[in-house]
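A.B. asks: Before we start, here is the structure in question, set down as structure tokens.
The values are calculated or read from the model by the stated rules, or taken from the named source; none is laboratory data. Small disclaimer: the values here were computed from a predicted structure and weren't measured. All Cβ positions, even for glycine, are placed from backbone atoms using ideal geometry, and neighbour counts span all protein chains on display. Ligands, DNA and RNA are excluded from the accessible area calculation, which covers all protein heavy atoms including side chains. Shrake-Rupley method; radii C 1.70, N 1.55, O 1.52, S 1.80 Å.
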Amino acid sequence: MGFLKEFKEFAVKGNVVDLAVAVIIGGAFGKIVASFVKDIVMPPIGMLLGGMEFTDLAIVL
């Protein structure tokens, strides 16, 4: 029963809500960065390298 009591106290402090908000913001920020790199950064680099298409690159393990 001690574990449940401690967890309830932890949840009531608001730490769980803060963690949930941080996870959501982190996921959104990750998608923004991925989109920025894919759509803005990589096309000029591909043009500088002679029209190289980065979507076809892969490392086979």
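A.B. asks: Give just the number: which of (1) of a type outside the set (D, E, K, R); (2) under 24 Å from the mean Cα position of the chain (by Cα); (3) loosely packed, with under 10 Cβ neighbours inside 10 Å does Ala20 not satisfy?
C.D. replies: Here Ala20 meets the rest and fails (3).
A.B. asks: Another question, if that's okay. Please work out which one of (1) modelled with pLDDT under 90; (2) open to solvent by 90 Å² or more (accessible area, probe 1.4 Å) is the condition Asn15 fails and give its number.
C.D. replies: Result: Asn15 fails condition (2) only.
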